[in-house]
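Just so it is clear, none of the values below were taken in a lab; they were calculated from the coordinates. Please read these numbers as outputs of a predicted model, since none were measured by experiment. With ideal geometry, Cβ positions are generated from the backbone for all residues, glycine too; neighbour counts draw on all protein chains shown.
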Amino acid sequence: MKRLLSMAATMLALCAAGLPPARASVIDIPILNLLAGSWGPGSGQSYGQIFTAPSADAFLFDYSFRVGANVQFQFVSQVYAWGGSTATGPALFTSESVLTPLPLNSLATYVFSPSIPVIGGHQYIAFVTNQPDGIPFGGPLESSGTMALNQDDLYAAGQFAFNTGGNPATGPWSLTLGNADAVFHATFVSEPATLVLFACGLAGLIGVTAVVRRRSSRCRPRHARMVCAAWKRAAEALAGPPQDVACPPSLAEAKSLPKPSARL
């Protein structure tokens, strides 16, 4: 069994080594020179970044924002298709809920990993909100969330946006800070490598399973005498006097015999 497990591990390693590296494209807006506030339960606002997917269809592997707050509150991040002035369609991704960082009034980078397909050249919006789909998590009314921005217009294919309508999925988004972008990092890959590795691993396990079944369908030499003796005892119990009974060629045939009526 150890040898078979080692064989499976080797097959998976060879498969992974033979994979071409997934092509990656990134959006990187790293420099903080503007702090925007406030979003969260106190204002009912949501903050986000409009971005354009790479020219070829890809997967949005991960993205990040830098946010903080004067009081801790619960929030999620979501991704929607962008319709020019509002989010469109259903949420393409909703993260697990998290809390704004400690210590208070500090900034922390939050990384979200949706691994969702996006269409090349189409625009999307990723944002943080305390009320996904218009359903508030609640929190202190005095809370004031902040987001790190860059006001140097570093990214021409999108911009910072904030929602004032309560429901970020349907409400209007303001684009008044035309030169500003969120401090935002997004990674796109040509294919989710985890799926390819899963397929390789599954193929390897199928091959190992086939080997195990092939081996178990025959009498192993070291167990042959035991199997033959048990098979002969069963035949004697059913047929009466001892007979010249040959060893069955496989364990499957031995198991197919009816059980004797008395324990031997």
For this session: Name the shape class, rounded, prolate or oblate, that the alpha-carbon gyration tensor gives for region 23-190, where a ≥ b ≥ c are the square roots of its eigenvalues, rounded holds for a/c under 1.5, and otherwise prolate holds if a/b is larger than b/c and oblate otherwise.
Result: prolate
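Going by C-beta contacts inside 10 Å, put 128, 71 in order with the fewest on the left. Present the calculation step by step, with values, prior to reporting the outcome.
Details: 128 26, 71 17.
Ranked by crowding around the Cβ, least crowded first: 71, 128.
Can you put 60, 34 in order, fewest other beta carbons within 10 Å first? Display every interim value, and only then the final one.
Working: 60 24, 34 18.
In order of increasing Cβ crowding within 10 Å: 34, 60.
Report the relative contact order of region 23-190, percent, no decimals, based on alpha-carbon pairs under 8 angstrom and at least 6 residues apart. Before the final figure, lay out the partial values.
Values: 496 pairs, mean separation 69.1, N = 168.
Reported as a whole number, the value is 41 percent.
Rank the residues 50, 116 as a footprinting-exposure proxy: fewest other Cβ atoms within 10 Å of their Cβ go first. Don't skip to the answer; put the middle values down first.
Details: 50 23, 116 13.
The most exposed by this proxy come first: 116, 50.
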